[in-house]
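Participant: Let me give you the structure first, and then I'll get to my questions.
The values are calculated or read from the model by the stated rules, or taken from the named source; none is laboratory data. Computed from a prediction, not measured in an experiment: that's the story for all the values here. Counting neighbours? That spans all protein chains shown, and the Cβs are built from the backbone with ideal geometry, glycine included. Only protein heavy atoms, including side chains, enter the accessible area calculation; ligands, DNA and RNA are left aside. Shrake-Rupley method; radii C 1.70, N 1.55, O 1.52, S 1.80 Å.
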Amino acid sequence: MLNQYLDIHPEVQKALESGKPVVALESTIISHGMPYPNNIETAKKVEEIVRENGAIPATIGIIKGKLKVGLTEEELNFMGKSKDILKASRRDLPFIVAKGLNGATTVASTMIISALANIKVFVTGGIGGVHRGAQDTFDISADLQELAHTNVAVVCAGAKSILDIGLTLEYLETHGVPVISYGSEEFPAFYTRKSGFKADYRIDSEIELAKAINAKWDLGLNGGVVIGNPIPEEYQMDYDIINNSIEEALEESKKLGISGKETTPFLLSKIKEITKGKSLESNIKLVYNNAVLGAKLAVELTKIK
Ligand code: PSU
Ligand code: MN
């Protein structure tokens, strides 16, 4: 029985039952992607923005083995403060659940739990992807395989250049995952609007976006959609400064022999250190921007159905 594992917040449950728009949010960004207390402040503000734009937020995480869809304030504080929360991607879910542990969900596992709860739109900062040097390390985020299979639309600010953006886009193409850029030709690079890579499609309105996503699933074309929403001009970082900082962080991680699931959190915190907190500021602003688009998209999708 699914209910044995899933624990949907009553407000979210009610919204889902009455066909109201719901937006899923992940928790790895809270527990492993941002420092305390910025993480909790951001998570709360994101929920507020989702509400202001007409949808119900459902932050997803695992507490004592339960797949939580919608966290209480207390649970959100716990996710942001406790050091006892494992980064949980697809392969980790069964063990965390069976042992009754706490887990922060990545893009992949948030998509899985969203799909179990029948939530169609998920807002995050950046997706995982093919890491630079993956030709040797095979380090490719499980997020990409999830996008290949699971029917959730993911609003993000693109992929950062800690990843190989070109190879990430190739991988998504192979698996039939549409990559859209919202209001721009280029697929955004998280901290900057520019990446040097074109998205497959440019879409300029939420209605158009909702129609395309709906058509995909109506056609039985299973899998996710990546919606790259460029960071607003005023919050983006200088292209050369951020890329030099990323290079420096990558070198440091190589020197220290960082690998596996530690890589992304290490790089994020190192980049924050190198940019003296500027990257974190941009990160927060781009998530807010994504929350607006995700909520509007969820509203449009419920209008179609
Ligand atoms: N990018 C960010 N912040 C994050 C992540 C990515 O700017 O917190 C997290 C997301 O949860 C994503 C995960 O799904 O990192 C990818 O980790 P990995 O590369 O280990 O699959
Ligand atoms: Mn990895």
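Participant: Under the Kirkwood approximation for Rh and a Cα-based Rg, what ratio Rg/Rh is obtained for the chain?
Facilitator: Looking at the chain, the ratio lands at 0.93.
Participant: When each pair of different Cα atoms in the stretch 154-231 is counted once in the 1/r mean, what is the Kirkwood radius in angstroms, to one decimal?
Facilitator: Every distinct Cα pair counted, the radius reaches 12.5 Å.
Participant: How big is the Kirkwood radius of the stretch 138-276, worked out from every pair of different alpha carbons and given in Å to one decimal?
Facilitator: That comes to 15.9 Å for the stretch 138-276.
Participant: A follow-up question, please. How far is the Cα center of the stretch 70-148 from the Cα center of the stretch 162-231, in Å?
Facilitator: When both Cα centres are located, 20 Å separates them.
Participant: Taking a cut-off of 16 Å between Cα atoms, list the lysines near LYS81, but don't count ones fewer than 8 places away on the same chain.
Facilitator: Correct list for LYS81: LYS44, LYS64.
Participant: Taking 0.36 nm per residue of separation and subtracting the Cα-Cα distance, what length does fully extending ALA212 through ASP84 add?
Facilitator: Details: separation 128, 0.36 × 128 = 46.08 nm, distance 4.04 nm.
Here the answer is 42.0 nm.
Participant: Using the Kirkwood radius over Cα pairs, work out the Stokes-Einstein diffusion coefficient for the stretch 1-160 at 25 °C and 0.890 mPa s, in µm²/s as a whole number.
Facilitator: 156
Participant: Please report, in cubic angstrom per residue, the volume enclosed by the convex hull of the alpha-carbon atoms of the stretch 99-143.
Facilitator: Per-residue hull volume (Cα only) is 109 Å³.
Participant: Go through the stretch 202-216 residue by residue and turn each phi into a ³J(HN,Hα) via Karplus (6.51, -1.76, 1.60, θ = phi - 60°); whole Hz please, and just put x for glycine and proline.
Facilitator: Once θ is set to phi - 60°, the couplings for the stretch 202-216 become 9, 10, 10, 9, 5, 5, 4, 4, 4, 4, 5, 5, 4, 4, 4 Hz.
Participant: Can you give the convex hull volume per residue for the Cα atoms of the stretch 44-116, as a whole number of Å³?
Facilitator: Taking the convex hull of the Cα positions in the stretch 44-116, it is 84 Å³ per residue.
Participant: Among bridges DSSP assigns within the chain, what percent are antiparallel (round to 5)?
Facilitator: 30
Participant: For each pair in LYS261/LYS296; LYS14/LYS211; LYS68/LYS198; LYS20/LYS211; LYS87/LYS160, compute the distance between the two Cα atoms and list the pairs where it is over 28 Å.
Facilitator: On the way: LYS261/LYS296 32 Å; LYS14/LYS211 25 Å; LYS68/LYS198 36 Å; LYS20/LYS211 17 Å; LYS87/LYS160 19 Å.
Violating the 28 Å limit, Cα to Cα: LYS261/LYS296; LYS68/LYS198.
Participant: Compute, for HIS149, the solvent-accessible surface of its heavy atoms (probe 1.4 Å) with the complete set of protein chains present, and express it in square angstrom to the nearest 10.
Facilitator: HIS149 exposes around 120 Å² with every protein chain in place.
Participant: When you count, for each residue, the other Cβ atoms within 10 Å and take the mean per peptide, how do 93-99, 211-217, 140-146 rank with the highest first?
Facilitator: 140-146, 211-217, 93-99
Participant: Pick from GLY196, GLY176, GLY65: which residue has the top mean-square fluctuation in a GNM of the chain where Cα pairs under 10 Å get a spring?
Facilitator: GLY196
Participant: Starting from 0 in steps of 5 Å, tell me what percent of the Cα-Cα pairs of the stretch 72-178 lands in each bin.
Facilitator: Reading the bins upward from 0: 2, 12, 18, 23, 20, 14, 8, 3, 0.
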